[in-house]
Amino acid sequence: MSHQPRIYVAGHRGMVGAAIVRALQAKGYTNLVTLTHAELDLTNQAAVRAFFQSERIDQVYLAAAKVGGIHANNTYPAEFIHQNLMIQSNVIHEAWQSGVKKLLFLGSSCIYPRDCPQPIKEEYLLTGLLEPTNEPYAIAKIAGIKMCESYNRQYGTDFRSVMPCNLYGPGDNYHPENSHVIPALIRRIHDAKVAGEKTVTIWGTGTPKREFLYVDDLAAICVHITELDKDTYRAHTSPRCSHANVGSGDEITIAQLATMLCRIIGYQGDLTFDDSIPDGAPRKLMAARRLGAFGFDGPMTSLEKGLRLAFRDFVEQKPGLTDASIAPVLD
């Protein structure tokens, strides 16, 4: 490349941030800046300001966030709203102050009303009540979108927002309680197989439908959208509805997902459903019309292949799991 922009990937150790780093490197970008939380606390305004003033960053991918599933959101609502608001506010404001040319903010499909018409269009934002189980996180992400829009309107910045559906893949968090649905199911089903348990309990009724996107597909989309020139991006958005939905276009029930994972992992027991635990929104299918308008036509990883890759990642994160009973599933 004739000009190598200096790119800061915030949250590069997380699942999304790490995938964005891989996507950037695959496209030949080499001038990347990555810092751990110990090196830069993004909730510390003074530290973030000093970083941007000294590093002369051209582009930012804001993938740093406190994330988790329904249980984590219900258990730590104050942490979810406070930490995400602080991270976003500090990075977006100091990016503007230091003259960053482009910023891409990563949000979530939970920004939309719980009972949203399907598929979900960008203009449905702020048209109804949010899903109670993750409302604090959703409000923080909505604030991030509106902060980017406000800086664009007032200061002429080029800050963009991408709202993906449910993500999964390498680098996911496999905590048994605080993770998202796919890593939680992988952990639970695998553990039941190893322990010889005859049943696995799935949280909720199993009836909600979810749309899933492999994280490396999202990363490729993020780089593509960031590379668009300002006029092209704004031709397909509006000043107060500037975010873009990203999804696979397919949805599956949680029960179907769990059954598919049982087959991939090799678990032959039964599934039971605990309906005392909330399901969350009944459906969250994204209308990703703007993605086509932006000219992205890259390949998408099938759910079957993506789940096999995710299980491989789980095994590789857990030394000692690659025994004879699991290895064939990974081939």
Efficiency by 1/(1 + (r/R0)^6): what FRET value for T232 and T207, r their Cβ-Cβ distance, R0 = 41 Å, to the nearest 0.05?
0.55
For K230, give me every one of the lysines with a C-alpha distance below 24 angstrom, ignoring sequence neighbours fewer than eight places off in its own chain.
K27, K101, K102, K121, K141, K146
Hey, can you find the accessible area per residue of segment 121-165 for me, probe 1.4 Å, expressed in square angstrom?
39 Å²
Surface share of carbon and sulfur [accessible, 1.4 angstrom probe, percent] for segment 154-289
49 percent
Averaged per residue, what accessible surface does segment 1-112 expose to a 1.4 Å probe, in Å²?
44 Å²
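What net charge do the residues around P164 carry, taking every other residue with its C-beta under 10 Å from that of P164, with Lys and Arg at +1 and Asp and Glu at -1?
So the surrounding residues net to -2.
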Angle, helix 15-26 long axis vs. longest principal axis of the chain, Cα atoms, 0 to 90°, nearest 10?
60 degrees
The chain, relative contact order in percent, only Cα pairs under 8 angstrom and at least six apart counted
19 percent
When mean projected area of the Cα convex hull in nm² is calculated directly from the model, which label among (i) 18.3; (ii) 16.7; (iii) 21.5 fits?
(ii)
In whole angstrom, note down how far apart the Cα centers of segment 94-110 and segment 57-93 are.
13 Å
Counting Lys +1, Arg +1, Asp -1, Glu -1, what net charge surrounds S179 among other residues with beta carbon under 12 Å of its beta carbon?
0
Reachable aspartates and glutamates, given that their alpha-carbon falls under 17 Å from the alpha-carbon of K305 and they are not under 8 places away in the same chain
D172, E211, D216, D217, D250, E251, D313, E316, D331
Helix 181-195 axis, angle to the chain major axis (alpha carbon atoms, nearest 10°):
30 degrees
So for the chain, taking the charge dipole from beta-carbon charges (+1 Lys/Arg, -1 Asp/Glu), which of H224, A63, V200 sits furthest toward the positive end?
H224
With θ set to phi - 60°, apply the Karplus curve 6.51 cos²θ - 1.76 cosθ + 1.60 along segment 243-258 and write out the HN-Hα couplings as whole Hz, x wherever there is a Gly or Pro.
7, 10, 6, 9, x, 8, x, 10, 10, 8, 6, 4, 4, 5, 4, 4
Run the numbers on segment 175-311 and let me know its relative contact order in percent, using alpha-carbon pairs under 8 Å that are six or more apart.
41 percent
Residues whose placed amide H lies under 5 Å from that of A244, excluding near-sequence neighbours:
S161, V162, M163
Ignoring ligands, DNA and RNA, what percent of the 1.4 Å accessible area of segment 1-120 is carbon and sulfur?
50 percent
Which whole-number percent is the relative contact order of segment 1-159 (Cα, under 8 Å, 6+ apart)?
23 percent
Heavy-atom SASA rank of M147, M163 (probe 1.4 Å, accessible area, largest first):
M147, M163
Angle between the chain longest axis and helix 77-97 axis [Cα atoms, degrees, rounded to 10]:
30 degrees
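The values are calculated or read from the model by the stated rules, or taken from the named source; none is laboratory data. It should be emphasised that the depicted structure is a prediction, and the values quoted were computed from it without experimental measurement. Glycine also receives a Cβ, built like all others from the backbone with ideal geometry; neighbour counts cover every protein chain displayed. The accessibility values were calculated without ligands, DNA or RNA, using every heavy atom of the protein model including side chains. Shrake-Rupley method; radii C 1.70, N 1.55, O 1.52, S 1.80 Å.
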